[in-house]
Structures are given as C-alpha cells and as structure tokens.
1. Can TYR90 be described as assigned to a strand (DSSP E or B) and either of a type outside the set (D, E, K, R) or under 14 Å from the mean Cα position of the chain (by Cα) (or both)?
2. Being surrounded by fewer than 19 Cβ atoms within 10 Å (Cβ to Cβ) and at positive phi is the requirement here; does GLN51 meet it?
3. Among (1) exposed (fewer than 14 other Cβ atoms within 10 Å of the Cβ); (2) in contact with a helix residue (DSSP H, G or I) (Cβ under 9 Å, 6 or more places away or on another chain), there is one condition SER95 misses while meeting the rest; what is its number?
4. Can you tell me which residues in region 57-86 are assigned to a strand (DSSP E or B) and not hydroxyl-bearing (Ser, Thr, Tyr)?
5. Are any of the residues in region 67-74 surrounded by fewer than 14 Cβ atoms within 10 Å (Cβ to Cβ), in contact (Cβ under 8 Å) with a residue 40 or more places away in the chain and of a type outside the set (S, T, N, Q)?
6. Quick check on this structure: which one of GLU9, GLU13, GLU40 is of a type in the set (D, E, K, R) and at pLDDT 95 or above?
Amino acid sequence: MTTAIKATEAIKEKQKATDKLQPPAKYAVILHNDDYTTMEFVVDVLQRFFQKNLQEAEEIMLKVHNNGEGIAGIYPYEIAEMRVLQTEEYAYEHSQPLQVSLRKIEN
C-alpha cells in the first residue's frame, strides 16, 4: 500500500469519527414566580402541558413559589419551545401573568 493511499484512508477514518451525529441540545423550560398567578393554575399547567402527576406538579409549584423559578421539564429545543408557547397561550387565555422561559442545559 502506498503512502498516499494510507493517508487517504486515515483521512476517511477521521472524517467518519467527526461525522457522527451529536445528540440534540437540551433546554429546560422554566416557570417564574409572580405575585398574581395562582398556585392551582401552575399545578394545572404542569399536569396539562408537562405530564406531571399531582405530587410532581405540587413539588415544582412550591419550588417556583419559594425559589422564584422551577424547571417544568427538559426537552430538545423544538419541543421546549412548543411547551413555552402552549403555556403562554393558556396563561393568556386564563388571564394569568405566568412567565415561562427556556434555558440551554450545558453538557
């Protein structure tokens, strides 16, 4: 085997290793505390859009209430964005000022 062929094969092997797909970045959907949104509404949102059971929803709601924010869920970007939009629209429809944001999770 010539040196040129060996070099070409080495380049191809290196390219295969770098061409592997990376898992998608994850984003946390954050609910923020305010003085007006009811605790019951936050629990409803967590059960309706984030598939939390009552106990999980109440635990997250208390984190929001006591710490100023809480993680509703962690998803790939498109799903997280959809959950934020659904939550914002639902809050608007129910006259609740609930604030929701995304935060990238660093690997």
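1. no
2. Yes.
3. So the condition that SER95 fails would be (2).
4. Within region 57-86, GLU69, GLY70, ILE71, ALA72, GLY73, ILE74, PRO76 qualify.
5. For region 67-74, residues surrounded by fewer than 14 Cβ atoms within 10 Å (Cβ to Cβ), in contact (Cβ under 8 Å) with a residue 40 or more places away in the chain and of a type outside the set (S, T, N, Q): present.
6. Matching residue, one of GLU9, GLU13, GLU40: GLU40.
The values are calculated or read from the model by the stated rules, or taken from the named source; none is laboratory data. Keep in mind the model is a prediction, meaning the values are calculated, not measured. For neighbour counting, all protein chains shown are included, and Cβ atoms are generated from backbone atoms with ideal geometry for every residue, glycine included.
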